[in-house]
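The values are calculated or read from the model by the stated rules, or taken from the named source; none is laboratory data. Everything numeric here is computed off the predicted structure, so don't read it as measured data. Every residue, glycine among them, receives a Cβ derived from its backbone with ideal geometry; neighbour counts consider all protein chains shown.
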Amino acid sequence: MLENISPVLWVAPLSLLVSCAVTSPAEVNEKYKDVLDQRHDHYVLKDGDTIAVKLYNRAGDLNQTSILVLPDGRSDLFFMDNHMLAGKTVAELEAELKARIEGQVRDAEVSIQVTPKGEKVYVIGQFEKPGSIELTTKMTLQEAIAAAGGVKVTGDTDWALLRRPFGSPRHPDLFRIDLNDESEGIFLLPGDQIVLGRTFLAGFINYLREYVFGILPSGGALPYASLAAF
């Protein structure tokens, strides 16, 4: 599993990208514009998907989360028991919900978030909780980082590697991205891997710990302990 990959294995490919220019969020999104438009506006629900519904302009809480599309394609929504979900786009389902509640809610605003069955992204390296994250159809890079507990203080946010096997697993796209650039959210695709290395200082200290002070005799314990504060 990708979440078990040691960050050390990524050192070589990361180092090859050091001299490459950073790709802006807009450039990444533009390259996959057609795919993203399809996922955002025309995704068709299937069995095994999970949806969350948020209703605005309504007194009380009718929001629903973790609604599973059952094998027969149905599920229960608000007052719509055993309602068919599979085969419908998000826009179609939103329209049906609005029509169902229009007598009770004027100018209702409905938002539906979809978590497709089996779709994940992976955060590797200097994150608080590296591993796999269930992907929604509109998840951004920053949302994935937040789901991973954020970046460790040792993480080099000036650049990270976005490895994207979508469409070409044998020849994935590699983007060098700046995690501090929030000019636009980078929308993620199934299988994306975000790899974050250490800052130079943190990497150097780690090197000293493992390969210098780690092999010294007992007299080297004091400087090693001093480095532990980093």
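How many residues, within segment 154-166, are over 20 Å from residue 132 (Cβ atoms) and either outside the structural domain of residue 129 (by TED's automatic domain parsing) or in contact with a strand residue (DSSP E or B) (Cβ under 9 Å, 6 or more places away or on another chain) (or both)? Number satisfying all stated conditions: 4.
Which residue out of 151, 110 is buried (at least 17 other Cβ atoms within 10 Å of the Cβ) and not assigned by TED's automatic domain parsing to the domain that holds residue 31? Going through 151, 110 in turn, just one is buried (at least 17 other Cβ atoms within 10 Å of the Cβ) and not assigned by TED's automatic domain parsing to the domain that holds residue 31: 110.
What about residue 198, is it buried (at least 16 other Cβ atoms within 10 Å of the Cβ), modelled with pLDDT of 95 or more and either out of contact with any helix residue (DSSP H, G or I) (no Cβ under 6 Å at 6 or more places or on another chain) or assigned by TED's automatic domain parsing to the domain that holds residue 91 (or both)? No, not satisfied. Considered as a group, the residues in segment 25-52 that are of a type outside the set (Gly, Ala, Ser), in a strand (DSSP E or B) and in contact (Cβ under 8 Å) with a residue 60 or more places away in the chain include one that is surrounded by the fewest Cβ atoms within 10 Å (Cβ to Cβ), and that residue is 50. Give segment 121-148 a look and list any residue that's in a strand (DSSP E or B) and surrounded by 19 or more Cβ atoms within 10 Å (Cβ to Cβ), or say none. Those that are in a strand (DSSP E or B) and surrounded by 19 or more Cβ atoms within 10 Å (Cβ to Cβ): 121, 122, 123, 124, 125, 127, 133.
Remark: pairs (first residue in segment 83-105, among the basic types (Lys, Arg); second residue part of a loop (DSSP other than H, G, I, E, B) and surrounded by 13 or more Cβ atoms within 10 Å (Cβ to Cβ); Cβ separation under 6 Å; 6+ apart in sequence or on different chains) = 88/45; 98/108. Hey, does segment 60-67 have a residue that's without any contact (Cβ under 8 Å) to a residue 24 or more places away in the chain and under 20 Å from the mean Cα position of the chain (by Cα)? Scanning segment 60-67 turns up at least one residue that is without any contact (Cβ under 8 Å) to a residue 24 or more places away in the chain and under 20 Å from the mean Cα position of the chain (by Cα). Here residue 85 qualifies as buried (at least 20 other Cβ atoms within 10 Å of the Cβ) and closer than 27 Å to residue 191 by Cα. Taking the criterion of being at pLDDT below 65 and of a type in the set (Phe, Trp, Tyr), the only residue of segment 1-58 that qualifies is 10.
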